[in-house]
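Everything on this sheet refers to the single structure shown next.
The values are calculated or read from the model by the stated rules, or taken from the named source; none is laboratory data. Values in this document were obtained by computation on a predicted structure and should not be read as measured data. Note that each Cβ is placed from the backbone with ideal geometry, even for glycine, and that neighbours are counted across all protein chains shown.
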Amino acid sequence: MSLRWLALFYDFGEAWEADWGRRVWPTCIPPWTCSVEGLYASLWGIDSSLRLTREELELFWVQAWFAWNQRNCVLFGGTLMDPRILNRRAEEFLTDYKAAQVQLTVTQVEQHGSATWQPPPSSVYKLNFDAAIFAELDRTGVGAIIRNEHGQVMAAMIASGPKVSSSEEAELLACRRSMEFAMDAGFTKLIIEGDNVNVMQAISSSRINCSILGYVVDDIRHLIHCLEWARTSFTRRGGNKVAHALAQHARNSLDNDVYWMEDSPPPAVEALI
């Protein structure tokens, strides 16, 4: 067991055995009735968590969080709340949290991939992004373009990126940089489209990403959830050729990012035809 978890259980044991802790736990739904000795002797926290349903475990940790918050409140001169109120608040908090997650769900599309660029619906914009790896320069290039339902260019960008160890890393970093660009430019309704199926599946999934690039995936998901409306889309190279051309052209401007607003970027004029 890691030192972090040992410290957690030690501190939690103090909260459990405190007078206010004894008043809180018996009123929990479901009631928790383990002594601190049992917690230490058999690592009850882990053992019991394996036997609880997901709903019970979620409620347990929310109740534990509220109990620990009360411990800190009392320690620094605050007033102890009625345990029944604490437990009711824990249930309400968990309900509100789950409702919020439903509201944050991003509409996804199937990863079938179109061979040509398809316009977005009216009042929605499509962000296409791509990455290029310049191994001999230890750099990467980022290309991004935003178009409306008529195919008109609303904004475009060429940027440079760091050395990467894989194409997925390059694409994820390009996606994050492109989304930051789009949001800074004021776009709030976006279809985010790329040509790397693994990357598009990763940012579209609601599952925890435990890979070495998980932190980048989390950043992108956070940016997506900040949008008013969003959808992810996988396209084949033919549907992403403008962003690809821009990313390749980044080789010529690694020291300076280049932006266009409501104007066709010269490096990708042929690809736009």
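Any residue in the stretch 234-244 that is over 26 Å from PHE134 (Cβ atoms) and either touching a residue at least 40 places away in the same chain (Cβ under 8 Å) or not small (Gly, Ala, Ser) (or both)? So that I can check it myself, show each step before the final result.
Within the stretch 234-244, the subset over 26 Å from PHE134 (Cβ atoms) is none.
No.
Answer yes or no: is there a residue in the stretch 253-266 that is in contact with a Gly (Cβ under 8 Å, 6 or more places away or on another chain), within 14 Å of GLY143 (Cα to Cα) and either in a loop (DSSP other than H, G, I, E, B) or touching a residue at least 12 places away in the same chain (Cβ under 8 Å) (or both). First the steps, then the outcome.
Taking the stretch 253-266 as the starting set, the residues that turn out to be in contact with a Gly (Cβ under 8 Å, 6 or more places away or on another chain) are 254.
Now restrict to residues that are within 14 Å of GLY143 (Cα to Cα): 254.
From what is left, the residues that are either in a loop (DSSP other than H, G, I, E, B) or touching a residue at least 12 places away in the same chain (Cβ under 8 Å) (or both) are 254.
Checked against the condition, which is being in contact with a Gly (Cβ under 8 Å, 6 or more places away or on another chain), within 14 Å of GLY143 (Cα to Cα) and either in a loop (DSSP other than H, G, I, E, B) or touching a residue at least 12 places away in the same chain (Cβ under 8 Å) (or both), the stretch 253-266 yields at least one hit.
Just need a number here: residues in the stretch 193-237 that are under 21 Å from SER165 (Cα atoms) and of a type in the set (A, V, I, L, M). Spell out the reasoning first.
Taking the stretch 193-237 and keeping what is under 21 Å from SER165 (Cα atoms), we get 194-203, 209-220.
Now narrow it down to the ones that are of a type in the set (A, V, I, L, M): 197, 199-200, 202-203, 212-213, 216-217, 220.
Count: 10.
Would you mind stating whether ILE191 is without any contact (Cβ under 8 Å) to a residue 24 or more places away in the chain, assigned by TED's automatic domain parsing to the domain that holds PRO265 and either surrounded by 15 or more Cβ atoms within 10 Å (Cβ to Cβ) or over 26 Å from ASN252 (Cβ atoms) (or both)? Write out each step before concluding.
On the way: without any contact (Cβ under 8 Å) to a residue 24 or more places away in the chain: no; assigned by TED's automatic domain parsing to the domain that holds PRO265: yes; either surrounded by 15 or more Cβ atoms within 10 Å (Cβ to Cβ) or over 26 Å from ASN252 (Cβ atoms) (or both): yes.
Judged against the criteria, ILE191 is not a match.
Across the stretch 221-273, which residue is surrounded by the fewest Cβ atoms within 10 Å (Cβ to Cβ) among those that are among the acidic types (Asp, Glu) and at negative phi? Steps first, answer last, please.
Just the residues of the stretch 221-273 that are among the acidic types (Asp, Glu), to begin with: 228, 255, 257, 262-263, 270.
Imposing the further condition that a residue be at negative phi reduces the set to 228, 255, 257, 263, 270.
Numbers: GLU228: 9, ASP255: 5, ASP257: 14, ASP263: 11, GLU270: 10.
Filtering the stretch 221-273 for residues that are among the acidic types (Asp, Glu) and at negative phi, the one surrounded by the fewest Cβ atoms within 10 Å (Cβ to Cβ) comes out as ASP255.
Starting from the stretch 115-137, take each residue that is on the phi > 0 side of the Ramachandran plot and list its partners that are not in a strand (DSSP E or B), counting only C-beta distances under 8 angstrom and pairs at least six apart or across chains.
Hits for this filter: SER123/GLU149.
Could you please find all residues in the stretch 120-170 being surrounded by fewer than 13 Cβ atoms within 10 Å (Cβ to Cβ) and closer than 18 Å to ASP257 by Cα?
LEU137, ASP138, PRO162
Would a scan of the stretch 103-124 turn up a residue that is under 30 Å from ASN69 (Cβ atoms) and modelled with pLDDT of 80 or more?
The initial filter retains those residues of the stretch 103-124 that are under 30 Å from ASN69 (Cβ atoms), namely 103-105.
Then keep just the ones that are modelled with pLDDT of 80 or more; that gives none.
No, the conditions are met nowhere in the stretch 103-124.
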